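The values are calculated or read from the model by the stated rules, or taken from the named source; none is laboratory data. What you see is a predicted model, and the numbers here were worked out from it, not measured in a lab. Methodologically, a virtual Cβ is constructed for each residue, glycine included, from the backbone with ideal geometry; neighbour enumeration extends over all protein chains shown. Heavy atoms of the whole protein, side chains included, go into the accessibility calculation; ligands, DNA and RNA do not. Shrake-Rupley method; radii C 1.70, N 1.55, O 1.52, S 1.80 Å.
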Amino acid sequence: MRIELVAGTSNVVRFPVERRACPTLDLLRDIAPDVREVLQLVESFDLDYPGHDVRDVADAEMADYVVNHVRPEPGCERRTELEGLLAPIVVRGVQACRVAHDAALVASEVQQRLVNAQTDGGYWLAPMEERAERLTTDAARLLVKAHVRAEEAEGAARAIGMALRGETWTPFDLQAAAEALFFPDRRSA
């Protein structure tokens, strides 16, 4: 088992709460990969990136599903059905983040062993380098996959949240959201 210390300390062990906590959207937001890191890995490893509209596509698909498959009349059954739609998507996202984190730890350990072993040399160094490279590439792919799963959950959560509030779904408009955030006085005009 790998021991992780709390950032900025040398004697405080961090308990991995995300391993025991119930998968929620807030937990997913806490453990989701940083998009900057994901984009850097995509470029560094020349990986396929599904695009910057994953969240918007998931949002639209979930809204379409809600309209066509969820009972329209408000009530407890509709709320339960809507909340039940989000749960498996969030669980998939949390699991993908956990797998990516574990793969990154293993790749990091193997890379560290490789660095330590390079001083000794030997015939076994080439296979060790290949393994370290493969594990690092796999970890990068898993991190991209975790990012995509987190974005899908965010998109679905937006559509489901609008349905829970009884709002009519509209596509996300970045310009309108930015104006509402930075210029709240213009909205009332």
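What net charge is computed for the residues neighbouring L28, neighbours being all others with C-beta under 11 Å from the C-beta of L28, Lys and Arg scored +1, Asp and Glu -1?
Working: positive: R29, R92, R98, R149; negative: E18, D26, D30, E151, E152, E154.
Charge balance near L28 sits at -2.
With a sphere of radius 13 Å drawn around the Cβ of V99, what net charge do the other residues whose Cβ falls strictly inside it have (Lys, Arg +1; Asp, Glu -1)?
+3
Would you mind estimating how fast the chain diffuses translationally, via Stokes-Einstein at 20 °C and 1.002 mPa s with the Kirkwood radius over Cα pairs, in µm²/s?
Details: Rh = 19.5 Å.
Result for D is 110 µm²/s.
Hey, got the dipole for the chain? About the Cα centre, +1 on K and R Cβ, -1 on D and E Cβ, debye to the nearest 20?
620
Work out which helices of the chain, taken as complete DSSP H runs, extend at least 27 Å along their axis over the Cα atoms and score a mean Kyte-Doolittle of -1.0 or more, then list them. Mind dumping the intermediate values first?
Details: long enough: 76-117 (61 Å, 0.22); 125-165 (59 Å, -0.17).
What comes out of the filter, once short or polar helices are dropped, is 76-117, 125-165.
Going by Cα centres, region 35-94 and region 151-189 are how many Å apart?
Between the Cα centre of region 35-94 and that of region 151-189, the gap is 15 Å.
If you take the square roots of the eigenvalues of the alpha-carbon gyration tensor of region 1-106 and sort them as a ≥ b ≥ c, do you get rounded (a/c under 1.5), prolate (a/b over b/c) or oblate?
Oblate is the answer for region 1-106, as a/c is 1.5 or above yet b/c matches or exceeds a/b.
Rounding to the nearest 20 debye, state how big the charge dipole of region 131-189 is about its Cα centre with +1 on each Lys and Arg Cβ and -1 on each Asp and Glu Cβ.
Numbers: 9 positive and 9 negative charges, 52 e Å.
For region 131-189, the charge dipole is close to 240 debye.
At 1.4 Å probe size, with the rest of the protein present, what percent of the exposed accessible area of the chain is carbon and sulfur atoms?
54
Would you report the distance distribution of C-alpha pairs in region 96-142 as whole percents per 5 angstrom bin, up to the bin with the largest distance?
Cα pair-distance distribution for region 96-142, in percent: 5, 26, 28, 19, 12, 8, 3, 1.
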